[in-house]
Amino acid sequence: MRRCRRFLSTSASRSEAGSILFLSPSLWPEPSSSAAGVRTSNLLQHFASESSLLFDSVHYGCGAPKPSTLTEYAHLHSLSTDYGIEMHDIPPNKSDGIKDMLSKDFPALRVVLFDRYFSEEAYSFHFRQLKPTVLRILDMQDFHALRLARQKLVETSSKNDNGHWMDDDLTDRLMACVPDYGNSADELQHSKKRKKGKNASDILLRELASIHRSDLTLVCSREEFDMLTEVFSIDPSKLCLAPFFSEENAISYESPAHQFDQRKDFCVLGGLRHPPNVDSVKWLKSEIWPKISDQVPDAKVHVWGSYAPQHIMELNDPKKGFLVHGKLDSLSQELSTRRVLLAPLRFGAGIKGKIVDAWEHGTPVVTTPIGAEGTTMSRDCLKSCTARSGQITIDDTGWGGLVATDADAIARCAVRLYKDQSLWDEARTNSRRLLRIKFNKQKNLSAVSNAVEEALLNRTERRSKDHIGYLLWHQSMRATEYFSRWIELKENK
């Protein structure tokens with residue numbers, strides 16, 4: 001049954017709360033498949049909970065078929081039955097259907113939240129035309145253009161002169177990488193070779209345009225928030241820092257059954273249609289795991305991830321302790337029994353959900369600076385806790401594990417953390433502290449609610465000052481809308 005709540009406020013100008021609609025053209029919330037699915041599910045549950053008084057009904061719309069697996073279907077069913085969230089099939093290129101739905105099903109709609117920039121491109125013009133007073137929110141999830149720019153840097157660097165996948169120099173260039181508009185001849189040539197829509201420069205322009213068209217944008221990490229405001233001059237009032245919403249599993253920290261001696265082996269987590277995770281598993285198998293296995297021959301590494309391609313499944317090698325399992329059914333059971341999570345990411349963006357997941361279950365992590373980005377107290381903290389090539393001594397870093405730049409350093413860190421109970425205990429203490437400071441669920445969700453409430457109350461004033469937003473809604477700048485309408489005409493022939 002739908003939970004009905006009224007918007008409780010001392011302001012006489014606020015009346016009934018109305019509804020919020022989450023939208024994606026292609027993705028249902030799948031928490032067992034991606035960190036983005038976890039984050040979206042947390043937001044849905046928060047706005048539908050009795051503790052949130054902003055809306056009296058919460059909806060999720062998607063243009064793709066509902067998940068076919070029992071696990072994901074059960075999650076959608078739980079969102080509906082336990083939280084009263086209503087699910088809708090909303091194809092993006094059906095204008096008449098969207099118009100009819102908005103008039104019949106959403107008479108009191110106050111907020112629409114677009115899951116990533118491509119959702120904003122597909123749907124936002126309908127709402128501006130049909131429901132102009134509805135607040136339009138973009139959830140970036142991560143900065144896609146930054147991830148693609150780093151991926152390009154890794155691909156063009158390939159293996160360095162020493163034949164290794166990663167080194168200090170490439171790490172430094174990756175951490176300093178900023179996506180640009182691609183005006184150079186090299187970039188233009190590179191863009192011709194890339195798949196359409198996957199060029200970092202194109203995605204950058206599309207993401208920035210989506211941010212400017214939206215009333216409010218949720219940004220996952222402080223690093224990306226700062227890049228958007230300092231490099232790309234986005235007005236900070238249009239952004240809300242919205243990291244992960246975490247609750248520690250106290251049993252995993254305190255139960256005698258989940259301490260150092262009761263745990264064994266390494267694990268790897270991550271959706272395996274996501275390029276950074278695929279690259280990470282390949283690097284681990286090729287260069288890192290042999291170095292770890294030589295020093296802890298009895299240990300195994302368990303690789304888990306949804307949608308694993310065949311070439312990743314074929315990396316399974318039981319004789320060498322490299323076990324590729326595919327989709328993980330019980331995250332808690334796996335993380336509570338493994339001693340160390342490995343996350344050797346060469347590129348990526350945003351906060352890595354696998355690291356927060358590991359910390360929630362008391363599992364220390366070994367990763368790269370890319371993996372640790374957004375999880376330290378500051379950029380300086382990240383630099384100071386990173387083990388670089390040739391470093392011999394690895395002491396407690398104040399982080400929930402160890403961070404390293406190349407295969408040798410990652411292997412050293414992994415072996416040290418796996419064998420040294422004192423260091424392992426220190427890493428767990430640090431991870432628990434960081435969870436409470438940076439990823440506290442109640443605090444971070446409250447920040448999102450406050451930002452949405454402020455944007456609702458001051459929508460008219462905010463829009464009147466948003467000159468770039470108005471510019472991008474001018475008909476000469478609305479290429480994404482006309483492209484969507486062209487697809488609709490094509491499909492209706």
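The values are calculated or read from the model by the stated rules, or taken from the named source; none is laboratory data. Predicted, not measured: the structure shown is a model, and the values here were computed from it. Cβ sites come from the backbone with ideal geometry, for glycine too, and all protein chains shown count toward neighbours. SASA here: full protein model, heavy atoms, side chains in, ligands and nucleic acids out. Shrake-Rupley method; radii C 1.70, N 1.55, O 1.52, S 1.80 Å.
Details
- Residue check for T363: open to solvent by 30 Å² or more (accessible area, probe 1.4 Å), in contact (Cβ under 8 Å) with a residue 12 or more places away in the chain, among the polar types (S, T, N, Q) and outside any helix (DSSP H, G or I): no
- Selection status of F125, modelled with pLDDT of 95 or more, under 30 Å from S52 (Cβ atoms) and of a type outside the set (K, R): no
- In region 55-67, the residues that are surrounded by fewer than 22 Cβ atoms within 10 Å (Cβ to Cβ) and part of a loop (DSSP other than H, G, I, E, B): D56, G63, A64, P65, K66, P67
- Considering region 460-478, and only residues there that are closer than 19 Å to Y117 by Cβ and at pLDDT below 70, the residue that is least open to solvent (accessible area, probe 1.4 Å) turns out to be R478.
- Residues of region 314-367 that turn out to be small (G, A, S) and within 19 Å of the chain's Cα centre (by Cα), as a count: 6
- Lone unmet requirement of (1) open to solvent by less than 50 Å² (accessible area, probe 1.4 Å); (2) touching a residue at least 60 places away in the same chain (Cβ under 8 Å) for L457: (1)
- Taken together, the residues in region 417-439 that are without any contact (Cβ under 8 Å) to a residue 24 or more places away in the chain and part of a helix (DSSP H, G or I) amount to 3.
- Checked against (1) at pLDDT below 90; (2) open to solvent by 20 Å² or more (accessible area, probe 1.4 Å); (3) assigned to a loop (DSSP other than H, G, I, E, B), A74 passes all but a single condition, namely (3).
- Long-range neighbours under 7 Å by Cβ, at least six apart or interchain, first residue free of Cβ contacts under 8 Å to residues at least 24 places away in the same chain and more than 19 Å from S32 (Cα to Cα) within region 297-325, second open to solvent by 40 Å² or more (accessible area, probe 1.4 Å) and in a loop (DSSP other than H, G, I, E, B): L323/K300; L323/N316
- The one condition from (1) at pLDDT 95 or above; (2) farther than 30 Å from K285 by Cβ that A411 does not meet is (2).
- Cβ-Cβ under 8 Å pairs, at least 6 apart or on other chains, region 250-264 side over 13 Å from E360 (Cα atoms), far side assigned to a helix (DSSP H, G or I) and acidic (D, E): F260/D425
- Residue match in region 106-120 (condition: in a helix (DSSP H, G or I) and exposed (fewer than 15 other Cβ atoms within 10 Å of the Cβ)): no
- Test result for L153, open to solvent by 20 Å² or more (accessible area, probe 1.4 Å) and touching a Cys at 6+ places or on another chain (Cβ under 7 Å): yes
- Any hit, region 24-39, residues being open to solvent by less than 10 Å² (accessible area, probe 1.4 Å), at pLDDT below 90, among the small types (G, A, S) and within 21 Å of the chain's Cα centre (by Cα): yes
- Hits in region 90-103 (condition: under 18 Å from S57 (Cβ atoms) and surrounded by fewer than 16 Cβ atoms within 10 Å (Cβ to Cβ)): S103
- Among the residues making up region 207-222, those that are over 18 Å from F127 (Cβ atoms) and either among the β-branched types (V, I, T) or in a helix (DSSP H, G or I) (or both) are E207, L208, V219, R222.
- Consider region 369-390 and keep the residues that are touching a helix residue (DSSP H, G or I) at 6+ places or on another chain (Cβ under 7 Å) and in a loop (DSSP other than H, G, I, E, B). The one that is most open to solvent (accessible area, probe 1.4 Å) is R388.
- The one condition in (1) closer than 30 Å to K291 by Cβ; (2) assigned to a helix (DSSP H, G or I) that Q442 fails to fulfil: (1)
- Index of the failed condition, V134 passing every other in (1) open to solvent by less than 20 Å² (accessible area, probe 1.4 Å); (2) among the hydrophobic types (A, V, I, L, M, F, W, C); (3) closer than 18 Å to E30 by Cβ: (3)
- Of the residues M87, M140, the single one that is within 27 Å of A451 (Cα to Cα) and open to solvent by less than 30 Å² (accessible area, probe 1.4 Å) is M140.
- The helices (runs of 4 or more DSSP H) found wholly in region 231-346 and carrying at least 1 residues that are open to solvent by less than 20 Å² (accessible area, probe 1.4 Å), more than 26 Å from E207 (Cα to Cα) and of a type in the set (D, E) occupy 331-335.
- From A414, A358, residue being among the small types (G, A, S), out of contact with any Gly (no Cβ under 7 Å at 6 or more places or on another chain), within 25 Å of R116 (Cβ to Cβ) and part of a helix (DSSP H, G or I): A358
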